[in-house]
Amino acid sequence: YSNTSITARFKLNILNNKNIETIMLGTSRIGVMNPMIVDKYLNTNTFNLEYPSSITPIQNKLFKYASNFNDIKYLVYGIDFMSFNENRKINKHFLEFNDFIEKIENNEKISNIDLYFSIDTFLKSIKIVIKNILGIQNQEVLYLKNGMRDYQNYIEQEMKNIFNFEEEKNNSIKSYFSLDGQYKNYKFSYDYLEHFKDTMEFCKKNNIKVFVYIPPMFSEHFDAINAGGYFDEFELFKKELVKITDFIDFTGHNTISTNKNNYWDSSHLRVETTEVLMAKILNDESIAVPADFGVLVTKDNIDEHLENLRKQIKEYDLNKILE
């Protein structure tokens, strides 16, 4: 059974081991990136602290929790537009996280008892045993021990030559723009911005070097943000972000985002793209990074950058996907 359904219990239990020096933080879009590539660049032990679809208050709490148990030297932060939607709340949308929020805030260890001995785990264990006995259990997306999201289900489908990118891409766009999707009724939250700012200030105070970037979405997903009526909020998100820190923006139409072979769906890159992404972030000129992939955004060039992205927008019929 997928351990992505027990993210807090599974990942925070690992953080107690006190041997992690670099944290990769954000939503599942950074979750698909391979920590071993970051290890190679920074010569540290890296853990991918993705929490799926998370908002910045969750990311802030998780990072501080990780810092309490480990000597963190670097933070690679894949900051996401969805993480600033004030209409997404911890209590309402993140029930599993909310079960552990008190322990997280009090820096209490998540033990093996928390991880394994619960009614939730017991019921899921019964389910998976029965499905295995019947031979009807399919591969599912899983977290590896370094926290990375591994799409074993898609890999298995591809090996069987039954993987359907168009179907996965369309389902992914629906999940973001449907009635209960991550973008629905999007309103940029200045309160959530303060949690991001607090994370940056915490890193500065504790001499933690930070690399911030906005993950690349598939080209049609970028167009759908405009078609869904959220592009003004998308720009506001970037304008407010750059007031706090410079960042590399991988969104828009570019060599990577327009190639479906780089993606599992509209939102998640394949793990093989980790090297080119991290080469850009960590300024490795020995790797051939497409010239149009990633823009370092500062207070000086933000307006020009946003204008360039506006020029890239294509007409896109989101309703066809949603219907």
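The values are calculated or read from the model by the stated rules, or taken from the named source; none is laboratory data. Remember, it's a predicted structure, so these values are computed and weren't measured experimentally. FYI the Cβ positions are ideal-geometry reconstructions off the backbone, even for glycines, and counts take in every protein chain you see. Side chains are part of the model used for accessible areas, which takes the heavy atoms of the whole protein and leaves out ligands, DNA and RNA. Shrake-Rupley method; radii C 1.70, N 1.55, O 1.52, S 1.80 Å.
In sequence order, the range 4-17 has phi-based couplings of 5, 7, 10, 3, 4, 4, 5, 6, 5, 4, 6, 4, 5, 6 Hz under the Karplus curve 6.51 cos²θ - 1.76 cosθ + 1.60, θ = phi - 60°, and Gly or Pro positions carry x.
Backbone N atoms of the range 53-67 closer than 16 Å to the 7 Å Cα→Cβ label point of Glu201 belong to residues 57, 60-61, 64.
Seen from every direction in turn and averaged, the convex hull around the alpha carbons of the range 1-92 projects onto 6.1 nm². What the phi angles of the range 54-60 give under the Karplus curve with 6.51, -1.76 and 1.60, with θ = phi - 60°, is a coupling list of 6, 9, 4, x, 5, 4, 4 Hz, glycine and proline written as x.
Above 36 Å, the calculated P(r) of the chain contains 15 percent of its Cα-Cα pairs.
Over the range 248-323, the hull volume per residue, using the convex hull of the C-alpha atoms, is 113 Å³. Remark: the Phe122-Ile287 segment gains 54.7 nm on full extension, using 0.36 nm per residue and subtracting the alpha carbon distance. Can you tell me the relative contact order of the range 90-172? Whole percent, Cα pairs under 8 Å, sequence separation 6 or more. So the answer I get is 11 percent. Helical content alone sets the calculated 222 nm signal of the chain at -13000 deg cm²/dmol, taking -39,500 (n - 2.57) per DSSP H segment of four or more residues and averaging over every residue.
The phi-based Karplus calculation (6.51 cos²θ - 1.76 cosθ + 1.60; θ = phi - 60°) puts the 3J(HN,Hα) values of the range 195-212 at 5, 5, 4, 4, 4, 5, 5, 4, 5, 4, 5, 9, 6, 9, 6, 10, 10, 10 Hz, whole numbers, x for Gly and Pro. Its alpha carbons considered, the range 128-275 gives a radius of gyration followed by a Dmax of 18.4, 56 Å. Site pair Asn301 and Thr255 shows an inter-label distance of 1.6 nm when each label is modelled 7 Å from Cα along Cα→Cβ.
Under 5 Å between amide hydrogens, built in the peptide plane, is the criterion, and for Phe247 it picks out Val297 among residues at least 5 positions away or on other chains. Per residue, how large is the accessible surface of the range 41-162? Use a 1.4 angstrom probe and give square angstrom. With all protein chains present, the range 41-162 gives 51 Å² per residue.
One compactness figure for the range 186-246 is 1.31, namely its Cα radius of gyration divided by 2.2 N^0.38 Å.
Would you kindly give the portion of the calculated P(r) for the range 118-175 that falls above 13 Å, as a percent of all Cα pairs? Result: 73 percent of Cα pairs exceed 13 Å.
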